[in-house]
Amino acid sequence: MKRGFYFRLAIDGMRKNRKLYLPYLLTCAGVVMMFYIISSLAHSPIMNTMRGGGNVAMILNLGTIVMALFALLFLFYTNSFLIRRRNKEFGLYNILGMNKSNISRILVWEVLLSACFALVAGIAAGLLFEKLAELFLLRATGETAGYTLTIETSSIIAAFIFFGAIFALLLVASLARVRLSKPLDLLKSEAAGEKPPKANWVLAVIGAILLGAAYYLAVTIKEPLSAISLFFLAVLMVIVASYLLFIAGSVAMCRLLQKKKGYYYKPRHFVSVSSMAFRMKRNGAGLASICILATMVLVMISSTSCLYFGGEDSVRSACPYDLIFNVEYASPHACAAADGEAAAAAIEKAASGCAEGLVSYMEYSLTGVFEDSAISADKMARRVDITSSPMEIEKLRTIIAVPLSDYNRLAGKNIVLEPGEALVWSSGEAYPYGTIGVKNTPMLRVQGILTELPFKLSMYDTILTTYLVFVPDWEAYTGQLSAYLTSLGEDAISSAPARCCGFDLPGADAEEQLEIAARTYEAITDANGFCDEPQAFLYCGYSAYADSRSDFFSLNGSLFFLGIVLSIVFIAAAALIIYYKQLSEGYEDKSRFSIMQKVGMTKREIKSAVNSQVLTVFFAPLLLAGVHLVFAFPFVRNMIRIFGVFNTRLLIATNVACFLAFALFYVFVYRGTARAYYGIVSGGEERQ
Amino acid sequence: MSILEVHDLKKVYTSRFGTQKVEALRRVNFSVERGEYVAVMGESGSGKTTLLNLLAALDKPTSGKVILDGVDTATLPEKNVAAFRRDQLGFVFQDFNLLDTFTLEDNIYLPLVLAGKNYAEMSARLKPLAEELGIAQLLKKYPYEVSGGQKQRAAAARALITEPKLLLADEPTGALDSRATDELLSLFAEVNRRGQTIVMVTHSVKAASHATRVLFIRDGEVYHQLYRGSDTNEQLYQKISDTLTVLATGGDAR
Ligand SMILES: Nc1ncnc2c1ncn2[C@@H]1O[C@H](COP(=O)(O)OP(=O)(O)O)[C@@H](O)[C@H]1O
Ligand SMILES: [Mg+2]
């Protein structure tokens, strides 16, 4: 009986305050939903079948942590609004003779009810969206086979534990507040008795420093995969810094502005600066949340859309020819002796006349630590160097030796060099040294620098800075290198002489191209690579543009889709916060604006004060999100390189486009809520 | 010439769906001369606040006219009303209506800031006023840090700093203890002595006894008035009490 009584009081209280409780409950459920969606996508079996799913799952797992931190800060923020409202009611109960433990019971029920609703509704919505997302994903990747509709119990349990803990913390915080306060304070806590916040310079400075450090981290990370946890550390730092800056930094900023009399005592600034200084402490959290959600959305959408739209481009740069064959031989001698003409003829035959722009050349490629114009072919040296410092990776270079005669033939030139001389082309900065070669072997003198190649290289060949070296006596020179490598035994870096043939098939569709590839492959392997000694032919590999393309789009298409799903969820959350914030502030500001009207403020002045305030409050998070985006850019660029898109200009374009699109959306929300806000503050007085 | 004339003022409140009508003022007529200190007395619910809101053009009358210094406030376009109120009127409310986000100083500056005055001029005006009102030491404090009487004096300072033609006060002593009430009333008497015209609505006999003239309103009409003449505050207090007694025992002045 008694128990039912407190339960009913709790329900009643929530119903009476539904204007506040409803958005609160929706927000809580929304946060639970976001958490669940991210966490369950990370564990989804789809990640095992999807290409690159491992990376995505890892990112999502770290994303879950980010989401958790965000949920904690955000729920505390929304709850603080509620508590301030409810305290008045509790003060009344207290004065009417209810003691604090009775009040605590009501609170317990309230929190319990909110938690239940948030978890059940949040997970239900999460399940729905996540399953829908999975189905769409499968559609996009076309891998419907073997998919069963499973429910991620581990994510549900994680959500229950995590949010159970958060709600418990919220309860403890509210209980402590009730216990520690005097009844009169409770009564007054919502009314005018609020203290003006002091500028907390320490927190503001800490926020600024954290932000700087996080930016530094994000910008200096070179190797995205090995340093991904470092990047997420930076993300967490950015989140904390954003909260500190908005909560403490903004108050400090307003206090500074108030000191500037010429600025402060202007009709436009007077009201908005002072009321912002007053409320930023609490609302800073909301703004920081918006800022972080916006950043997440922007990073996700701009990078995944870059991956998607950069697809054609990137597949082309990975596969510069429709078909590329790489025939590897045991030795440079065998490679040189093999019949290149016959290979070309075989290709022509297999392609039944469709082949166009055939290029064919021999290459001998080595990758190792490059110092003072020479690569060391010692594997151990390289391994030790890389693990001891990730920065050593910067020193890795690839040298590819190609016969000068192939160059002359393909470029239509007639350059003559002496043995021991070479022409050099660099994929990075111009080659700076006078010689080039492999340590402990005779060095080549650089006779000329080439700026253009007569054939196209795949971008995978040039992930590391690559030097192409054209030598007149290819067989002799690479023979030397190969002998040296053999002498190193186990410790030698690997290398193989090979013939590369690339050609386009403009008339053939994807299917035909793959058929031609198979036929060509057969022809080459059947002829043992057109080699005299069958055992000198090692293997024939090929890459087909058509293949890479479909692979690429199935992977990046699903990433793009994932990005869109998560963005929608985040945007909805941001819109909810904005709406929630504007309404709750509107009710608080109502009495202020009615006073100002009585003192002689015109409607227009009120409107302009509202605008200037709402504008600042609104666009500060967007602005900071933009800055975050800029500093995340180098990392994002490295990240999408892993997925095979190297088009920085496209990434900049998608970043800018996404920012503008988001800003546009933001302006819409702004106009909608500013109108609602203005309606509230300028509306007729409520008679009490 | 009168600074304020009120002709046949009528105010009917209609509920949102037009189902209920409350006639707050029926037919109010009176005028106020420059330098007068007029108290308007009436019971709670008799329409005092309504009257004051109409005088201040915070609300529009159903019919009738309010002429302030020769200007019919109803004819002012909406966008000029606020400026008019700001420049010509000072307002002191029962519940102070100070903004909790401002220090007392900034609260007092508010109308001047809205009028576009610069800081130097504002602070030059505030200094003597704050001394006179005894709040010079409190200017940097926030409303929640000072007492009710101090808040009301700050509110009075805000009303007076624009040097208004007319000071309107709605139950200014309603939320004050008796000492703070005395202080505020003698303050009003003092500014009136220096020429400030005041219209104050109140249901407190004590407050009314400081005025130079007392109007009584009931059932939406002014039905009686008392002049101070050469009476002391005490004598006027007695007269007001007597009038109210006659009223309560059913007497009708007309
Ligand atoms: N905004 C309003 N809407 C409807 N009725 C109102 C409104 N304001 C005042 N009234 C009614 O008008 C009458 C006079 O109110 P008011 O002027 O506040 O009286 P007083 O200030 O003398 O106590 C009361 O009956 C009150 O209920
Ligand atoms: Mg009243």
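The values are calculated or read from the model by the stated rules, or taken from the named source; none is laboratory data. Bear in mind that the values here come from a model prediction, so they are computed numbers and not experimental data. Please note: Cβ atoms are built from the backbone with ideal geometry, for glycine as well, and neighbour counts cover all protein chains shown. Protein only, heavy atoms only, side chains kept; ligands, DNA and RNA dropped before computing areas. Shrake-Rupley method; radii C 1.70, N 1.55, O 1.52, S 1.80 Å.
Checked against (1) more than 10 Å from chain A (Cβ to nearest Cβ); (2) at pLDDT 90 or above; (3) more than 15 Å from the chain's Cα centre (by Cα), B:Leu166 passes all but condition (3). Among the residues of the range A:428-435, is any open to solvent by 20 Å² or more (accessible area, probe 1.4 Å), of a type in the set (Asp, Glu) and under 13 Å from A:Val469 (Cα atoms)? There is no residue in the range A:428-435 that is open to solvent by 20 Å² or more (accessible area, probe 1.4 Å), of a type in the set (Asp, Glu) and under 13 Å from A:Val469 (Cα atoms). Could you please give the count of residues in the range B:76-98 that are within 26 Å of B:Thr181 (Cβ to Cβ), touching a helix residue (DSSP H, G or I) at 6+ places or on another chain (Cβ under 7 Å), more than 8 Å from chain A (Cβ to nearest Cβ) and part of a loop (DSSP other than H, G, I, E, B)? Within the range B:76-98, residues that are within 26 Å of B:Thr181 (Cβ to Cβ), touching a helix residue (DSSP H, G or I) at 6+ places or on another chain (Cβ under 7 Å), more than 8 Å from chain A (Cβ to nearest Cβ) and part of a loop (DSSP other than H, G, I, E, B) number 1. Residue-level check: of (1) of a type outside the set (Asp, Glu); (2) within 16 Å of ligand 2 (Cβ to nearest atom); (3) touching a strand residue (DSSP E or B) at 6+ places or on another chain (Cβ under 8 Å), B:Thr197 misses just (2). Listed by position, the helices (runs of 4 or more DSSP H) enclosed by the range A:261-326 that each have at least 1 residues that are surrounded by 20 or more Cβ atoms within 10 Å (Cβ to Cβ), among the hydroxyl-bearing types (Ser, Thr, Tyr) and more than 13 Å from chain B (Cβ to nearest Cβ) are A:267-309, A:311-318. Residue count for the range A:600-620 satisfying the condition of being within 9 Å of chain B (Cβ to nearest Cβ) and either open to solvent by 20 Å² or more (accessible area, probe 1.4 Å) or in contact with an Asp or Glu (Cβ under 9 Å, 6 or more places away or on another chain) (or both): 5. Does B:Gly47 meet the test of being touching a residue at least 24 places away in the same chain (Cβ under 8 Å), of a type outside the set (Phe, Trp, Tyr), within 16 Å of ligand 2 (Cβ to nearest atom) and on the phi > 0 side of the Ramachandran plot? Considered against the rule, which asks whether it is touching a residue at least 24 places away in the same chain (Cβ under 8 Å), of a type outside the set (Phe, Trp, Tyr), within 16 Å of ligand 2 (Cβ to nearest atom) and on the phi > 0 side of the Ramachandran plot, B:Gly47 comes out as yes. Scanning the range B:100-120 for residues that are more than 10 Å from chain A (Cβ to nearest Cβ) and open to solvent by 10 Å² or more (accessible area, probe 1.4 Å) yields a count of 1. Given (1) of a type in the set (A, V, I, L, M); (2) without any contact (Cβ under 8 Å) to a residue 40 or more places away in the chain; (3) farther than 30 Å from B:Val81 by Cα, where does A:Val599 come up short, assuming only one miss? It is condition (3) that A:Val599 fails.
Taking the criterion of being of a type in the set (Phe, Trp, Tyr) and either within 28 Å of A:Val297 (Cα to Cα) or without any contact (Cβ under 8 Å) to a residue 60 or more places away in the chain (or both), the residues of the range A:526-580 that qualify are A:Phe552, A:Phe553, A:Phe560, A:Phe561, A:Phe570, A:Tyr579, A:Tyr580.
What are the pairs, 6+ residues apart or on separate chains, where a residue within the range A:308-323 that is under 16 Å from A:Leu514 (Cβ atoms) has its Cβ under 8 Å from a residue that is open to solvent by less than 20 Å² (accessible area, probe 1.4 Å) and in a loop (DSSP other than H, G, I, E, B)? Hits for this filter: A:Val315/A:Gly644; A:Cys319/A:Ser458; A:Asp322/A:Leu505; A:Asp322/A:Ala508; A:Leu323/A:Leu505.
Against the list (1) more than 12 Å from chain B (Cβ to nearest Cβ); (2) surrounded by fewer than 16 Cβ atoms within 10 Å (Cβ to Cβ); (3) modelled with pLDDT of 85 or more, the condition A:Ala248 fails is (2).
Note on the range A:47-81: residues that are open to solvent by less than 40 Å² (accessible area, probe 1.4 Å) and modelled with pLDDT of 75 or more total 16.
Checked against the criterion of being touching a residue at least 60 places away in the same chain (Cβ under 8 Å) and within 16 Å of ligand 1 (Cβ to nearest atom), the range B:67-90 has no qualifying residue.
Test B:Gly45 against the criterion of being of a type in the set (Gly, Ala, Ser) and within 13 Å of ligand 1 (Cβ to nearest atom), and give yes or no. Criteria met by B:Gly45.
What's the total number of residues in the range A:631-660 that are open to solvent by 60 Å² or more (accessible area, probe 1.4 Å), farther than 18 Å from A:Ala234 by Cβ and at pLDDT 85 or above? If you could, list the steps in order and put the result at the bottom.
Restricting attention to the range A:631-660, the residues satisfying the condition of being open to solvent by 60 Å² or more (accessible area, probe 1.4 Å) are A:631, A:637, A:641-642, A:646, A:649, A:652, A:656, A:660.
Checking the rest, the ones that are also farther than 18 Å from A:Ala234 by Cβ come to A:641, A:646, A:649, A:652, A:656, A:660.
If we keep only those that are at pLDDT 85 or above as well, we get A:649, A:652, A:656, A:660.
Here the count works out to 4.
Suppose we keep only residues that are within 16 Å of ligand 2 (Cβ to nearest atom) and open to solvent by less than 10 Å² (accessible area, probe 1.4 Å) within the range B:156-174. Which one would you say is farthest from B:Pro143 (Cα to Cα)? Reasoning before the result, please.
The first filter runs over the range B:156-174 and keeps only residues within 16 Å of ligand 2 (Cβ to nearest atom), leaving B:168-174.
Those still in the list that are open to solvent by less than 10 Å² (accessible area, probe 1.4 Å) too: B:168-169, B:172.
Details: B:Leu168: 21, B:Ala169: 19, B:Pro172: 16 Å.
Step by step, filter the range B:156-174, then rank; the result is B:Leu168.
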